[in-house]
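No lab work stands behind these numbers, since they all come straight from the coordinates. In this text, all values refer to a predicted model and were calculated from it rather than measured experimentally. Cβ coordinates were reconstructed from backbone atoms using ideal geometry, including for glycine residues, and neighbour counts include every protein chain displayed.
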Amino acid sequence: MRKKHHSSSTLILAISSAWFITIFLPVSSSAKTYFVSPGGSDAAGGTFDQPFLTIVKAHSVVAAGDTILVRGGTHFLNTTISLTRSGTSTNGLFLLAYSGERPLLDFSSMAVSGSNRGIQLSGSRWTVKGFDIKGAGDNGMFISGSFNTVDFCALFENRDTGLQLGSGASNNRIINCDSYYNVDPGQGNADGFSPKLDVGTGNYFYGCRCWQNSDDGWDGYLRPSNDVTTTLENCWSFNNGYLKDGTASSGNGNGFKMGGGDNGNADHLKHNMILKRCLAFDNRVKGFDQNNNVGSMTVTNCTAYRNGTNYSVSRALDSGKALIVVNCVALGSYGSLGGFAVQQTNSWLSPFSVSNADFVTVDTAGVRGPRKADGSLPDIAFLHLAPTSPMIDAGVSVGLPYSGRAPDLGAFESGPLTVIGEHREVAPAFRLEQNYPNPCSAGGGSAFGGNARTVISYQVPAPSARQTADGLGVEGSAVSVVTLKVYDALGREVARIVDSEQPTGSYRIDFNANTLPSGVYFARLQAGQFSKTIKLILTK
Ligand SMILES: [Ca+2]
Ligand SMILES: [Ca+2]
Ligand SMILES: [Ca+2]
């Protein structure tokens, strides 16, 4: 166990049953904090004891670096909360649930109208965290700004898409959010999450779920944006195309709709979609749906089950674009993929033959269960590989962390050393641990049964980590570009273990050094502006 102590606050996070890390964050002295409560008054001072009534009032007084803390309970609202102000790259703006409380922003009294969004986020560099957003007359939240983070929010029973990005919205992070039971009057518009129409590029979803939206789970349909890129990681989409009461909707009913455009996408609009470790099941029509997208689609370690059609990409892509489907699983018919698809180690290819016995369970119990206290997805057994499945360690490296000899197929890597890639509530410090065992050896004494394997642990901090005035610690969650490379004694790169954007959090990598000769190596971690190098010794 590792511990550090800080005079005002410590937060202990369980990293696993054996690992604990204590974290503290610096306090910014100039930033102001305002409080909002259902029992407050906009004539008050916005203090803890005399809070404002509305977020709109608090927004009118904030400047970059400031925080709005919203108390729990139901906030009955019938007008849009417009967040037009912007933070800076070093001083964000924070709209956060007060620690330990869960505010409900209830817009149910709003009329249905395209302008009646719940939150309209046109500003940039906000972190919005910890809200339930219900019943808006249009989107629960519409984002047109950039570099915002929306974290641990739930959007439900809105009268259009739960969370939509458009009007050029770019580089936003949607982390650990749920979107469900959203339905528009015609049932053909309301998706769970839609980076669509005139959306910008670089938006990223991590750890999000959506279910029973009247139209699609995710929707990347474009008009007139073109050649934008959206990334989804660890996201679950299920039962879309059904209403809250379980009856079929008249909407499209796809899990991940990867693009499309008007008139069969006659304009060849390209939405480059990157889906990693995503799960689609029980969607009424398609699980992973091209919808005439002619951009690149990279689908790695995804799992589909019991959708009307599991995977459906058949239209040829535009020149220079590629469909890559690797390490994916379908239980039941996989659907159809065009001959242009670059495929490798998918469950419907030789030598695999998939049945229910490959999985711990095909019972969906728990998929809608409550999130953990930090907002991360609940632990489920559904569609995790059974220990006897030939799909364990049968995949190829696609740049995602894995345990065992090789990546597994599907959305859930198995094994006791599964990399912990969960987004964490509190931004940790930058850290690179000494690997263990070290020296690592292929001899019989290895902790890993004779393979030359070793574990490297590290933490990715939030670029804008900070603390609120309540002293309990909140974060500006974000994603850093992380590389973890191994060099030999001559400085030549011999392995690139990580090269991707990663959310702030704690990670453990099970590094397989079987192919390397004995010797001294150096592993260098770079995350944003931080870097550190450790020495590895390999004996064989
Ligand atoms: Ca709308
Ligand atoms: Ca849709
Ligand atoms: Ca594995």
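In whole Hz, with x marking every Gly and Pro, tabulate ³J(HN,Hα) for segment 330-336 from phi via Karplus 6.51 cos²θ - 1.76 cosθ + 1.60, θ = phi - 60°.
10, 9, x, 4, 6, x, 8
What order, most packed first, do the peptides 486-497, 206-217 have when packing is the mean number of other Cβ atoms within 10 Å of each residue?
Ranking, from highest mean packing down: 206-217, 486-497.
Please give the peptides 366-379, 521-534 ranked by average Cβ packing (other Cβ atoms within 10 Å per residue), highest first, as a rough proxy for protection.
Sorting 366-379, 521-534 by mean packing, highest first, produces 521-534, 366-379.
Which whole-Hz couplings ³J(HN,Hα) result when phi for each residue of segment 174-182 is put into the Karplus expression 6.51 cos²θ - 1.76 cosθ + 1.60, θ = phi - 60°, listed in order with x for Gly and Pro?
After applying 6.51 cos²θ - 1.76 cosθ + 1.60, I find 10, 10, 6, 10, 10, 9, 7, 6, 7 Hz.
Would you please give the FRET efficiency between R368 and F522, computed as 1/(1 + (r/R0)^6) with r the Cβ-Cβ distance and R0 = 45 Å, to the nearest 0.05?
0.50
Cβ under 14 Å from T483's Cβ, T483 left aside: what net charge do those residues give with Lys, Arg +1 and Asp, Glu -1?
Net of charged neighbours comes to +1.
Take S115 and S41, extend 7 Å from each Cα along the Cα→Cβ direction, and tell me the distance between the two endpoints in nm.
3.2
Calculate one ³J(HN,Hα) per residue across segment 58-67 by plugging θ = phi - 60° into the Karplus curve 6.51 cos²θ - 1.76 cosθ + 1.60, and present them in order as whole Hz with x for glycine and proline.
In residue order, the calculated couplings are 4, 4, 6, 10, 7, 10, 3, x, 7, 10 Hz.
What is the list of residues in segment 213-230 whose amide nitrogen lies under 15 Å from a point 7 angstrom out from the Cα of K244, following Cα to Cβ?
What the label zone holds, given the 15 Å backbone N cut-off, is 213-215.
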